[in-house]
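In what follows, a structure is listed as C-alpha coordinates, so that the remarks can point back to it.
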Amino acid sequence: MKKGWMRTFALGMAVSLLGACAKEEQAEEELAELDAESALAELREELNEGEDIEQAGKKRPSGDGTLNPNLAAMTEGEVEILYTNEKPVMLYDMDGFFVSIDKYQITKVSDVNRLSESIFNGETGGYVVTASMTIENNRKTPVYYSNYASINLEGRQDRVTGNTYYFVPQNEMLRSDHPEELDLYSPGFKKQGFQSFVMTEEQYAKMENTHPKIVIPGNAREKKDDYSRKYGDAVFDFPYSDAYEKELASAPVFYQDEFVNQNLGTKTMLFEKKGIGQVLSLGGVDVEFDGVEYTEVDVSPAQMDKFYRFEEGDVIYALTAKFRIENNSEETLELGAIYSTIYDANGNRYRREGMLEPDKIRVLEPGESGEKFHVFLLTEEELEQIDSPILTFGPFGGNDKRLFKGRDLAFKIPY
(Lines give C-alpha, C1' and ligand atoms only; values in the text may rest on other atoms or scores of the structure.)
Protein backbone atom coordinates (compact mmCIF):
# COMPACT_ATOMS: atom_id res chain seq x y z
CA MET A 1 0.00 0.00 0.00
CA LYS A 2 2.88 2.35 0.75
CA LYS A 3 4.13 1.80 -2.78
CA GLY A 4 0.71 2.85 -4.10
CA TRP A 5 0.80 5.99 -1.98
CA MET A 6 4.22 6.89 -3.35
CA ARG A 7 2.99 6.43 -6.91
CA THR A 8 -0.04 8.58 -6.17
CA PHE A 9 2.17 11.24 -4.69
CA ALA A 10 4.52 11.14 -7.67
CA LEU A 11 1.51 11.66 -9.91
CA GLY A 12 0.30 14.60 -7.82
CA MET A 13 3.80 16.09 -7.84
CA ALA A 14 3.99 16.05 -11.64
CA VAL A 15 0.78 17.99 -11.87
CA SER A 16 1.40 20.28 -8.86
CA LEU A 17 4.78 21.50 -9.97
CA LEU A 18 3.25 22.67 -13.22
CA GLY A 19 0.20 24.13 -11.52
CA ALA A 20 2.35 26.18 -9.12
CA CYS A 21 3.63 28.26 -12.02
CA ALA A 22 0.18 29.10 -13.31
CA LYS A 23 -0.88 32.74 -13.32
CA GLU A 24 -4.27 34.33 -13.46
CA GLU A 25 -3.90 35.32 -17.09
CA GLN A 26 -6.04 32.93 -19.14
CA ALA A 27 -3.52 32.12 -21.85
CA GLU A 28 -0.85 31.06 -19.38
CA GLU A 29 -3.32 28.97 -17.40
CA GLU A 30 -4.37 27.04 -20.48
CA LEU A 31 -0.75 26.35 -21.36
CA ALA A 32 -0.09 25.09 -17.83
CA GLU A 33 -3.08 22.78 -18.01
CA LEU A 34 -1.91 21.33 -21.32
CA ASP A 35 1.58 20.78 -19.93
CA ALA A 36 0.13 19.17 -16.82
CA GLU A 37 -1.94 16.74 -18.87
CA SER A 38 1.11 15.83 -20.95
CA ALA A 39 3.17 15.17 -17.83
CA LEU A 40 0.34 13.14 -16.38
CA ALA A 41 0.16 10.93 -19.48
CA GLU A 42 3.92 10.38 -19.47
CA LEU A 43 3.97 9.43 -15.81
CA ARG A 44 1.11 7.00 -16.26
CA GLU A 45 3.02 5.35 -19.09
CA GLU A 46 6.11 5.04 -16.90
CA LEU A 47 4.13 3.49 -14.08
CA ASN A 48 2.35 1.22 -16.57
CA GLU A 49 -0.68 1.83 -14.40
CA GLY A 50 0.30 -1.24 -12.35
CA GLU A 51 -2.08 -0.27 -9.55
CA ASP A 52 -5.27 1.72 -9.21
CA ILE A 53 -3.61 5.07 -8.55
CA GLU A 54 -6.72 6.93 -7.52
CA GLN A 55 -7.79 4.23 -5.05
CA ALA A 56 -4.33 4.29 -3.52
CA GLY A 57 -4.63 8.02 -2.96
CA LYS A 58 -7.97 8.13 -1.16
CA LYS A 59 -8.19 10.00 2.14
CA ARG A 60 -7.40 8.09 5.29
CA PRO A 61 -9.36 8.79 8.44
CA SER A 62 -7.77 11.12 10.97
CA GLY A 63 -8.84 11.74 14.53
CA ASP A 64 -6.16 14.32 15.36
CA GLY A 65 -8.05 17.33 13.99
CA THR A 66 -6.02 17.61 10.78
CA LEU A 67 -8.12 19.28 8.10
CA ASN A 68 -6.46 17.38 5.25
CA PRO A 69 -5.09 13.94 6.30
CA ASN A 70 -3.46 13.61 2.86
CA LEU A 71 -0.86 16.17 3.94
CA ALA A 72 0.79 13.75 6.35
CA ALA A 73 0.17 10.67 4.20
CA MET A 74 1.66 12.13 1.01
CA THR A 75 4.67 13.89 2.58
CA GLU A 76 5.32 11.20 5.22
CA GLY A 77 6.19 14.13 7.46
CA GLU A 78 5.32 15.25 10.95
CA VAL A 79 2.33 17.65 10.95
CA GLU A 80 1.83 20.09 13.83
CA ILE A 81 -1.41 22.09 13.93
CA LEU A 82 -0.73 25.74 14.78
CA TYR A 83 -4.10 27.41 14.18
CA THR A 84 -7.54 26.51 12.83
CA ASN A 85 -10.26 28.93 11.76
CA GLU A 86 -13.53 27.02 11.74
CA LYS A 87 -15.80 29.74 10.39
CA PRO A 88 -14.02 32.48 8.47
CA VAL A 89 -16.33 35.00 6.82
CA MET A 90 -14.82 34.76 3.35
CA LEU A 91 -17.46 34.61 0.61
CA TYR A 92 -17.28 36.31 -2.78
CA ASP A 93 -20.51 36.60 -4.78
CA MET A 94 -19.81 37.48 -8.40
CA ASP A 95 -23.41 37.87 -9.54
CA GLY A 96 -24.36 34.32 -8.64
CA PHE A 97 -20.95 32.71 -9.05
CA PHE A 98 -19.88 31.98 -5.48
CA VAL A 99 -16.39 31.28 -4.17
CA SER A 100 -15.90 30.81 -0.45
CA ILE A 101 -13.26 29.73 2.04
CA ASP A 102 -15.22 27.67 4.54
CA LYS A 103 -12.41 26.66 6.89
CA TYR A 104 -8.64 26.83 6.99
CA GLN A 105 -5.79 25.44 9.05
CA ILE A 106 -2.15 26.43 9.49
CA THR A 107 0.32 23.62 10.09
CA LYS A 108 4.04 23.17 10.47
CA VAL A 109 5.35 20.22 8.47
CA SER A 110 8.79 18.69 9.11
CA ASP A 111 10.90 15.72 8.01
CA VAL A 112 9.11 15.28 4.68
CA ASN A 113 10.06 12.65 2.13
CA ARG A 114 12.44 13.32 -0.74
CA LEU A 115 9.68 13.90 -3.30
CA SER A 116 8.14 16.66 -1.19
CA GLU A 117 11.29 18.72 -0.75
CA SER A 118 10.81 20.56 -4.05
CA ILE A 119 7.41 21.82 -2.86
CA PHE A 120 9.11 23.16 0.29
CA ASN A 121 11.75 25.08 -1.68
CA GLY A 122 14.33 22.33 -1.31
CA GLU A 123 13.93 22.12 2.46
CA THR A 124 12.71 19.18 4.52
CA GLY A 125 9.70 21.10 5.76
CA GLY A 126 7.90 24.39 6.11
CA TYR A 127 4.40 25.70 6.74
CA VAL A 128 1.18 24.81 4.95
CA VAL A 129 -2.10 26.72 5.02
CA THR A 130 -4.85 24.31 3.99
CA ALA A 131 -8.10 25.99 2.93
CA SER A 132 -11.36 24.15 2.39
CA MET A 133 -13.06 26.04 -0.45
CA THR A 134 -16.39 25.83 -2.24
CA ILE A 135 -17.12 26.90 -5.81
CA GLU A 136 -20.77 27.18 -6.84
CA ASN A 137 -22.22 28.42 -10.11
CA ASN A 138 -25.80 29.60 -9.59
CA ARG A 139 -25.93 31.40 -12.91
CA LYS A 140 -27.86 30.06 -15.87
CA THR A 141 -24.77 30.13 -18.06
CA PRO A 142 -21.34 28.44 -17.89
CA VAL A 143 -18.62 30.52 -16.21
CA TYR A 144 -14.86 30.57 -16.74
CA TYR A 145 -12.92 31.03 -13.50
CA SER A 146 -9.26 30.65 -12.54
CA ASN A 147 -9.15 29.54 -8.94
CA TYR A 148 -5.81 30.85 -7.70
CA ALA A 149 -6.34 32.46 -4.31
CA SER A 150 -3.34 34.03 -2.58
CA ILE A 151 -2.07 35.20 0.79
CA ASN A 152 -0.58 38.69 0.56
CA LEU A 153 2.30 39.51 2.91
CA GLU A 154 4.31 42.71 2.37
CA GLY A 155 2.57 44.14 -0.66
CA ARG A 156 0.84 42.57 -3.62
CA GLN A 157 4.09 41.34 -5.16
CA ASP A 158 5.03 39.50 -1.97
CA ARG A 159 2.42 36.78 -1.90
CA VAL A 160 1.94 33.04 -1.54
CA THR A 161 -0.24 31.60 -4.30
CA GLY A 162 -2.59 28.73 -3.57
CA ASN A 163 -2.48 25.44 -5.41
CA THR A 164 -5.26 22.89 -5.83
CA TYR A 165 -2.83 20.10 -6.82
CA TYR A 166 -0.70 19.94 -3.67
CA PHE A 167 -1.39 17.11 -1.22
CA VAL A 168 -4.65 16.04 -2.87
CA PRO A 169 -5.40 12.82 -4.81
CA GLN A 170 -6.30 13.44 -8.42
CA ASN A 171 -9.95 12.45 -8.01
CA GLU A 172 -10.43 14.94 -5.17
CA MET A 173 -8.90 18.03 -6.74
CA LEU A 174 -11.05 21.15 -6.79
CA ARG A 175 -11.61 21.17 -10.53
CA SER A 176 -14.52 21.97 -12.79
CA ASP A 177 -16.78 19.42 -14.46
CA HIS A 178 -15.12 19.94 -17.86
CA PRO A 179 -12.04 17.68 -18.23
CA GLU A 180 -11.07 19.44 -21.44
CA GLU A 181 -11.37 22.95 -19.91
CA LEU A 182 -10.63 22.78 -16.21
CA ASP A 183 -11.61 26.40 -15.53
CA LEU A 184 -15.12 26.14 -17.07
CA TYR A 185 -17.97 25.59 -14.61
CA SER A 186 -21.42 24.47 -15.74
CA PRO A 187 -24.68 25.98 -14.40
CA GLY A 188 -25.54 24.27 -11.12
CA PHE A 189 -21.94 23.20 -10.46
CA LYS A 190 -21.01 22.95 -6.76
CA LYS A 191 -17.94 21.34 -5.25
CA GLN A 192 -15.85 21.65 -2.12
CA GLY A 193 -12.14 20.88 -2.07
CA PHE A 194 -8.73 21.93 -0.81
CA GLN A 195 -6.33 24.65 -1.84
CA SER A 196 -2.88 24.67 -0.23
CA PHE A 197 -0.50 27.57 0.42
CA VAL A 198 3.10 26.53 1.14
CA MET A 199 5.30 28.95 3.11
CA THR A 200 8.96 29.04 4.00
CA GLU A 201 10.16 29.93 7.49
CA GLU A 202 10.87 33.48 6.28
CA GLN A 203 7.41 33.94 4.77
CA TYR A 204 5.67 32.62 7.86
CA ALA A 205 7.67 34.99 10.08
CA LYS A 206 6.60 37.95 7.93
CA MET A 207 3.00 37.54 9.05
CA GLU A 208 3.93 38.72 12.54
CA ASN A 209 5.30 42.00 11.15
CA THR A 210 2.48 42.91 8.79
CA HIS A 211 -1.28 42.48 8.35
CA PRO A 212 -1.63 39.49 6.00
CA LYS A 213 -4.61 39.25 3.67
CA ILE A 214 -6.20 36.37 1.85
CA VAL A 215 -7.37 37.23 -1.66
CA ILE A 216 -10.08 35.53 -3.73
CA PRO A 217 -9.62 36.54 -7.39
CA GLY A 218 -12.52 38.16 -9.23
CA ASN A 219 -11.92 36.81 -12.72
CA ALA A 220 -15.32 35.09 -13.23
CA ARG A 221 -16.38 35.60 -16.83
CA GLU A 222 -18.77 34.05 -19.31
CA LYS A 223 -16.48 34.39 -22.33
CA LYS A 224 -13.15 32.60 -22.38
CA ASP A 225 -11.27 35.46 -24.00
CA ASP A 226 -12.84 38.23 -21.90
CA TYR A 227 -10.04 39.91 -19.96
CA SER A 228 -11.92 43.08 -19.02
CA ARG A 229 -12.15 41.94 -15.39
CA LYS A 230 -15.56 43.26 -14.41
CA TYR A 231 -14.89 42.22 -10.82
CA GLY A 232 -11.96 43.21 -8.68
CA ASP A 233 -10.43 40.87 -6.13
CA ALA A 234 -12.07 40.22 -2.76
CA VAL A 235 -9.62 40.89 0.09
CA PHE A 236 -10.05 39.58 3.64
CA ASP A 237 -8.06 39.88 6.86
CA PHE A 238 -6.16 36.67 7.51
CA PRO A 239 -6.04 35.66 11.19
CA TYR A 240 -3.06 33.32 11.61
CA SER A 241 -3.13 32.79 15.39
CA ASP A 242 -5.46 33.11 18.36
CA ALA A 243 -3.59 36.23 19.50
CA TYR A 244 -3.88 37.93 16.11
CA GLU A 245 -7.54 36.98 15.87
CA LYS A 246 -8.15 38.84 19.16
CA GLU A 247 -6.08 41.80 17.94
CA LEU A 248 -8.22 42.10 14.81
CA ALA A 249 -11.42 41.96 16.84
CA SER A 250 -10.42 45.05 18.84
CA ALA A 251 -8.62 46.97 16.06
CA PRO A 252 -10.13 49.98 14.21
CA VAL A 253 -11.93 49.09 11.00
CA PHE A 254 -10.52 51.10 8.11
CA TYR A 255 -11.91 51.48 4.64
CA GLN A 256 -10.47 48.82 2.35
CA ASP A 257 -8.47 51.06 0.07
CA GLU A 258 -5.35 49.63 -1.56
CA PHE A 259 -3.15 50.91 1.25
CA VAL A 260 -4.96 48.44 3.50
CA ASN A 261 -5.43 45.67 0.92
CA GLN A 262 -1.78 45.63 -0.16
CA ASN A 263 -0.26 45.98 3.34
CA LEU A 264 1.64 49.10 2.32
CA GLY A 265 2.04 50.15 5.95
CA THR A 266 -0.07 51.04 8.96
CA LYS A 267 -2.87 53.54 9.56
CA THR A 268 -3.85 55.62 12.59
CA MET A 269 -7.40 56.98 12.65
CA LEU A 270 -7.67 60.77 13.10
CA PHE A 271 -11.31 61.41 12.22
CA GLU A 272 -14.14 59.51 10.58
CA LYS A 273 -17.78 60.05 9.76
CA LYS A 274 -19.94 57.22 8.44
CA GLY A 275 -23.50 57.19 7.16
CA ILE A 276 -23.38 60.69 5.65
CA GLY A 277 -26.12 59.80 3.16
CA GLN A 278 -25.73 62.79 0.82
CA VAL A 279 -27.20 61.75 -2.58
CA LEU A 280 -26.73 63.54 -5.91
CA SER A 281 -27.80 62.42 -9.38
CA LEU A 282 -26.53 62.92 -12.91
CA GLY A 283 -27.89 61.42 -16.11
CA GLY A 284 -29.81 58.75 -14.24
CA VAL A 285 -26.85 57.77 -12.04
CA ASP A 286 -27.46 58.16 -8.29
CA VAL A 287 -24.33 58.68 -6.18
CA GLU A 288 -24.45 58.54 -2.38
CA PHE A 289 -21.59 60.02 -0.36
CA ASP A 290 -21.50 57.37 2.36
CA GLY A 291 -18.55 58.32 4.55
CA VAL A 292 -15.05 59.71 4.97
CA GLU A 293 -12.01 58.94 7.10
CA TYR A 294 -8.82 60.88 7.75
CA THR A 295 -5.82 58.78 8.74
CA GLU A 296 -2.13 59.17 9.34
CA VAL A 297 -0.27 56.56 7.30
CA ASP A 298 3.10 55.06 8.10
CA VAL A 299 4.43 53.63 4.85
CA SER A 300 6.66 50.55 5.02
CA PRO A 301 10.20 51.41 3.84
CA ALA A 302 9.97 48.72 1.16
CA GLN A 303 6.90 50.46 -0.31
CA MET A 304 8.15 54.07 -0.33
CA ASP A 305 8.95 53.97 -4.06
CA LYS A 306 5.19 53.99 -4.73
CA PHE A 307 4.82 57.35 -2.95
CA TYR A 308 6.90 59.54 -5.24
CA ARG A 309 5.76 62.83 -3.65
CA PHE A 310 7.18 61.87 -0.28
CA GLU A 311 10.44 60.81 1.28
CA GLU A 312 11.03 58.25 3.99
CA GLY A 313 10.27 59.86 7.34
CA ASP A 314 7.66 62.30 6.00
CA VAL A 315 4.35 62.45 7.84
CA ILE A 316 1.66 61.44 5.35
CA TYR A 317 -2.10 61.76 5.74
CA ALA A 318 -4.81 60.06 3.71
CA LEU A 319 -8.37 61.16 3.07
CA THR A 320 -10.50 58.21 1.95
CA ALA A 321 -14.08 58.81 0.79
CA LYS A 322 -16.63 56.07 0.15
CA PHE A 323 -19.45 56.32 -2.39
CA ARG A 324 -22.34 54.07 -3.37
CA ILE A 325 -23.42 54.17 -7.01
CA GLU A 326 -26.70 53.06 -8.59
CA ASN A 327 -26.63 53.06 -12.36
CA ASN A 328 -30.19 53.82 -13.42
CA SER A 329 -29.00 55.24 -16.72
CA GLU A 330 -28.76 53.51 -20.08
CA GLU A 331 -24.96 53.76 -20.11
CA THR A 332 -22.26 51.31 -19.01
CA LEU A 333 -20.10 52.94 -16.34
CA GLU A 334 -16.39 52.27 -15.89
CA LEU A 335 -15.66 53.07 -12.25
CA GLY A 336 -11.93 53.43 -12.88
CA ALA A 337 -12.66 56.27 -15.31
CA ILE A 338 -14.06 58.55 -12.59
CA TYR A 339 -11.38 61.15 -11.86
CA SER A 340 -12.30 63.21 -8.80
CA THR A 341 -10.65 66.28 -7.32
CA ILE A 342 -10.81 68.10 -3.98
CA TYR A 343 -11.04 71.91 -3.99
CA ASP A 344 -11.01 74.14 -0.92
CA ALA A 345 -11.92 77.73 -0.11
CA ASN A 346 -8.27 78.80 -0.37
CA GLY A 347 -8.06 77.77 -4.02
CA ASN A 348 -6.01 74.64 -3.34
CA ARG A 349 -6.61 71.54 -5.45
CA TYR A 350 -5.81 67.91 -4.65
CA ARG A 351 -6.03 65.01 -7.09
CA ARG A 352 -6.94 61.44 -6.31
CA GLU A 353 -4.35 58.68 -5.95
CA GLY A 354 -5.57 56.06 -8.43
CA MET A 355 -3.06 53.45 -7.27
CA LEU A 356 -4.76 53.37 -3.87
CA GLU A 357 -8.32 52.96 -5.16
CA PRO A 358 -9.74 49.44 -5.38
CA ASP A 359 -12.75 48.54 -7.50
CA LYS A 360 -14.48 45.41 -6.31
CA ILE A 361 -16.93 46.07 -9.14
CA ARG A 362 -15.10 47.65 -12.07
CA VAL A 363 -17.96 47.99 -14.54
CA LEU A 364 -21.60 48.88 -13.80
CA GLU A 365 -24.11 47.92 -16.43
CA PRO A 366 -27.52 49.67 -16.51
CA GLY A 367 -29.49 48.61 -13.44
CA GLU A 368 -26.44 47.56 -11.42
CA SER A 369 -24.97 49.11 -8.26
CA GLY A 370 -21.57 49.15 -6.61
CA GLU A 371 -19.10 51.01 -4.40
CA LYS A 372 -16.28 53.41 -5.19
CA PHE A 373 -13.44 54.69 -3.00
CA HIS A 374 -11.47 57.85 -3.64
CA VAL A 375 -8.15 58.37 -1.87
CA PHE A 376 -6.16 61.60 -1.50
CA LEU A 377 -2.69 61.90 0.07
CA LEU A 378 -1.76 65.07 1.95
CA THR A 379 1.27 66.49 3.70
CA GLU A 380 0.89 67.92 7.20
CA GLU A 381 0.98 71.45 5.78
CA GLU A 382 -1.71 70.63 3.21
CA LEU A 383 -3.95 69.04 5.82
CA GLU A 384 -3.69 72.09 8.06
CA GLN A 385 -4.52 74.57 5.32
CA ILE A 386 -7.59 72.83 3.91
CA ASP A 387 -10.70 74.95 4.40
CA SER A 388 -14.28 73.96 3.48
CA PRO A 389 -13.28 71.16 1.05
CA ILE A 390 -15.49 70.17 -1.87
CA LEU A 391 -15.05 66.87 -3.73
CA THR A 392 -16.06 66.84 -7.37
CA PHE A 393 -17.12 63.30 -8.31
CA GLY A 394 -16.58 62.81 -12.02
CA PRO A 395 -16.69 63.24 -14.89
CA PHE A 396 -18.04 59.78 -15.70
CA GLY A 397 -16.70 57.46 -18.37
CA GLY A 398 -17.81 54.34 -20.19
CA ASN A 399 -17.13 52.56 -23.48
CA ASP A 400 -14.03 54.72 -23.97
CA LYS A 401 -15.94 58.00 -23.92
CA ARG A 402 -16.98 60.71 -21.51
CA LEU A 403 -20.60 60.58 -20.40
CA PHE A 404 -23.22 63.17 -19.49
CA LYS A 405 -21.41 65.97 -21.37
CA GLY A 406 -18.41 65.73 -19.03
CA ARG A 407 -20.28 67.09 -16.03
CA ASP A 408 -19.58 66.04 -12.44
CA LEU A 409 -21.14 66.08 -8.96
CA ALA A 410 -19.92 68.24 -6.05
CA PHE A 411 -20.05 66.90 -2.48
CA LYS A 412 -19.23 68.78 0.73
CA ILE A 413 -16.66 66.87 2.78
CA PRO A 414 -16.87 66.83 6.61
CA TYR A 415 -13.68 68.23 8.08
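Among residues of the range 297-332 being hydroxyl-bearing (Ser, Thr, Tyr) and either modelled with pLDDT of 90 or more or on the phi > 0 side of the Ramachandran plot (or both), the one that is surrounded by the most Cβ atoms within 10 Å (Cβ to Cβ) is THR320. For the range 85-105, filtered to residues that are part of a loop (DSSP other than H, G, I, E, B) and free of Cβ contacts under 8 Å to residues at least 40 places away in the same chain, the residue that is surrounded by the fewest Cβ atoms within 10 Å (Cβ to Cβ) is LYS87. Residues that are touching a residue at least 12 places away in the same chain (Cβ under 8 Å), crowded, with 22+ Cβ neighbours inside 10 Å, in contact with a helix residue (DSSP H, G or I) (Cβ under 6 Å, 6 or more places away or on another chain) and closer than 25 Å to ALA302 by Cα occur in the range 126-145; there is at least one. Checked against the criterion of being out of contact with any Cys (no Cβ under 8 Å at 6 or more places or on another chain), open to solvent by 10 Å² or more (accessible area, probe 1.4 Å) and assigned to a helix (DSSP H, G or I), the candidates LYS246, LYS191, LYS223 yield just one match: LYS246.
Checking each residue in the range 337-362 for being open to solvent by 30 Å² or more (accessible area, probe 1.4 Å) and in contact with a Lys or Arg (Cβ under 6 Å, 6 or more places away or on another chain) picks out TYR343, ARG362.
Quick check on TYR294: is it within 26 Å of PRO389 (Cα to Cα), open to solvent by 20 Å² or more (accessible area, probe 1.4 Å) and aromatic (Phe, Trp, Tyr)? So TYR294 fails the test.
Scanning the range 318-357 for residues that are more than 20 Å from TYR308 (Cα to Cα), part of a strand (DSSP E or B) and either free of Cβ contacts under 8 Å to residues at least 24 places away in the same chain or among the hydroxyl-bearing types (Ser, Thr, Tyr) (or both) returns a single hit, TYR343. Could you go through the range 178-185 and let me know if any residue there is buried (at least 21 other Cβ atoms within 10 Å of the Cβ) and part of a strand (DSSP E or B). The answer is yes; a qualifying residue exists. Pairing each residue of the range 394-415 that is at pLDDT 90 or above with any residue that is open to solvent by 90 Å² or more (accessible area, probe 1.4 Å) and not aromatic (Phe, Trp, Tyr), provided the two are 6+ apart or on different chains, yields C-beta distances under 6 Å for PRO395/ARG402; PRO414/LYS273. VAL109 meets each of the listed conditions (1) among the aliphatic types (A, V, I, L, M); (2) surrounded by fewer than 21 Cβ atoms within 10 Å (Cβ to Cβ); (3) modelled with pLDDT of 95 or more apart from (2). A count restricted to the range 146-158 and to residues that are more than 27 Å from GLY65 (Cα to Cα) and either at pLDDT 95 or above or open to solvent by 20 Å² or more (accessible area, probe 1.4 Å) (or both) stands at 4.
The values are calculated or read from the model by the stated rules, or taken from the named source; none is laboratory data. Predicted model only: the values in this text are computed from it and were never measured. Quick reminder, even Gly has a Cβ in these numbers, built from the backbone with ideal geometry, and neighbours come from all protein chains shown. Ligands, DNA and RNA are stripped out before the accessible areas are found, and what is left, the full protein with its side chains, is counted by its heavy atoms. Shrake-Rupley method; radii C 1.70, N 1.55, O 1.52, S 1.80 Å.
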